[in-house]
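Everything below concerns the one structure shown next.
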């Protein structure tokens, strides 16, 4: 455990060490990356796609098409519904079958566009590389392509690139610490030129002077390749990071790469950094070269019930079921659960007809045996949940404060720092649902603060 109080004088930021007993060890999850060498291949084109108008943080997009309209790959079918929003484009060519409400996984409703594919995948004639000459035209291009944080957050990239704070570092998150996921790894191995093009464009048009690419050291081939690609580019540094789960969280990544800490309640820009996922910046590089907006995702399909673990290139809006059928279920294995995203943080899928979005990075197929919940035993006060929390939080104390609905104590325990990484549950020998409890406590605390409750 580190001691002392660190002060970043340049940014006027007091370290969280002032407030937290930071162990910041993180959990050593299995490096189960069976598809790390699986070069992405296109999946069979589905008969239809359902493209959601809300695939991002912020206001939903407004549908621009109606039933019977013909669309092509790259046709804009949704206009950003506000400043914090994103454009939506068709991932297929075909005919609009419906524009109808759809219930999201969070229970809310949003419009969706259902498209019957024609099998041709004709590209929209309007798709062409944007003309970028200055910061304004660059940001307009980023907004037009519908780019959001593809690491899972889904925050609109054009908004992220307009911070009010002074920023001196573009930080590329290439850690990919989630179990099973390898789509970012393949992006680095196959699209390194696009990554560099995207980075250089951001630096040039935003005026940010330098970039750091953070990659866990269990991906030596990615580190070597990007070092080779950037060896004559002094503004870009490739930094090897420890192979510890949780490294990819923004706050941890900034600390590991820059030695800075984001102030309580602050944003990465408050620590002088903008963080972009490696696939996000690669997608930007591709768009600047070709004009093709965000219409597809490389998705890792794996798990102990998966017959053919692989990375598939999937049109946005494809039903989970169609993706899983492309990979297949192992013979003699009962499918018990499907997780969307990584095994540590991804939610269980209730309905396999749910469509993929821009932020879908993986579908994990678990057997009935693997999905069986373990027996929960009483807490033995071993402290492992504290020792391995990457944010140095204290789940046992949080649980007590939450049970008492003590808003003030939850604030002192900094429950709002929890990002539901799952480390506490993973290391708990009693198999207690620590992560779920932390999520409930955080939601309760933030809800009470919003209402002006006991601070």
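The values are calculated or read from the model by the stated rules, or taken from the named source; none is laboratory data. It should be emphasised that the depicted structure is a prediction, and the values quoted were computed from it without experimental measurement. Every residue, glycine as well, gets a Cβ built from its backbone with ideal geometry; the counts of neighbours run over all protein chains shown.
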Task: Test result for residue 48, on the phi < 0 side of the Ramachandran plot, within 20 Å of the chain's Cα centre (by Cα) and surrounded by 16 or more Cβ atoms within 10 Å (Cβ to Cβ) - done: no
- [ ] Mind listing just one residue for me: the one in region 188-208 that is closer than 14 Å to residue 283 by Cβ and touching a strand residue (DSSP E or B) at 6+ places or on another chain (Cβ under 6 Å) and, of those, surrounded by the fewest Cβ atoms within 10 Å (Cβ to Cβ)?
- [x] 202
Open item on the list: Could you check region 410-429 and list, in sequence order, the residues that are out of contact with any strand residue (DSSP E or B) (no Cβ under 9 Å at 6 or more places or on another chain), in a helix (DSSP H, G or I) and within 20 Å of residue 341 (Cβ to Cβ)?
Closed with: 425
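For residue 402, state whether it is under 29 Å from the mean Cα position of the chain (by Cα) and at pLDDT below 95. Working first, answer last.
Numbers: under 29 Å from the mean Cα position of the chain (by Cα): yes; at pLDDT below 95: no.
No.
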- [ ] Run down 146, 154 and say which single residue is under 21 Å from residue 357 (Cα atoms), surrounded by 19 or more Cβ atoms within 10 Å (Cβ to Cβ) and either assigned by TED's automatic domain parsing to the domain that holds residue 249 or touching a strand residue (DSSP E or B) at 6+ places or on another chain (Cβ under 6 Å) (or both).
- [x] 146
TODO: Return the only residue of 215, 208, 199, 195 being in contact with a helix residue (DSSP H, G or I) (Cβ under 8 Å, 6 or more places away or on another chain), closer than 19 Å to residue 267 by Cα and at pLDDT 95 or above.
DONE: 208
Open item on the list: Within region 328-345, does at least one residue satisfy the condition of being surrounded by fewer than 19 Cβ atoms within 10 Å (Cβ to Cβ), over 23 Å from residue 186 (Cα atoms) and in contact (Cβ under 8 Å) with a residue 40 or more places away in the chain?
Closed with: no
Open item on the list: Show me the helices (runs of 4 or more DSSP H) found entirely inside region 171-278 where at least 3 residues are in contact (Cβ under 8 Å) with a residue 60 or more places away in the chain and within 19 Å of the chain's Cα centre (by Cα).
Closed with: 183-190, 192-206, 250-258
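Can you find a residue in region 364-379 that is within 30 Å of residue 80 (Cα to Cα) and at pLDDT 95 or above?
no
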- [ ] Read through the list (1) outside the structural domain of residue 339 (by TED's automatic domain parsing); (2) surrounded by 17 or more Cβ atoms within 10 Å (Cβ to Cβ), then give the number of the only condition that residue 140 fails.
- [x] (2)
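Which residue, of 283, 300, is assigned by TED's automatic domain parsing to the domain that holds residue 79 and at pLDDT 95 or above?
After ruling out the rest, the residue left standing is 300.
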TODO: Output the residues belonging to region 132-149 that are in contact with a helix residue (DSSP H, G or I) (Cβ under 8 Å, 6 or more places away or on another chain) and in a loop (DSSP other than H, G, I, E, B).
DONE: 132, 134, 145, 147, 149
Task: Segments classed as strands (runs of 3 or more DSSP E), wholly inside region 17-131, with at least 3 members that are in contact (Cβ under 8 Å) with a residue 60 or more places away in the chain and not assigned by TED's automatic domain parsing to the domain that holds residue 221 - done: 48-52, 109-117
Open item on the list: Checking the conditions here, which among 265, 259, 291 is out of contact with any helix residue (DSSP H, G or I) (no Cβ under 8 Å at 6 or more places or on another chain), surrounded by fewer than 22 Cβ atoms within 10 Å (Cβ to Cβ) and modelled with pLDDT under 95?
Closed with: 259
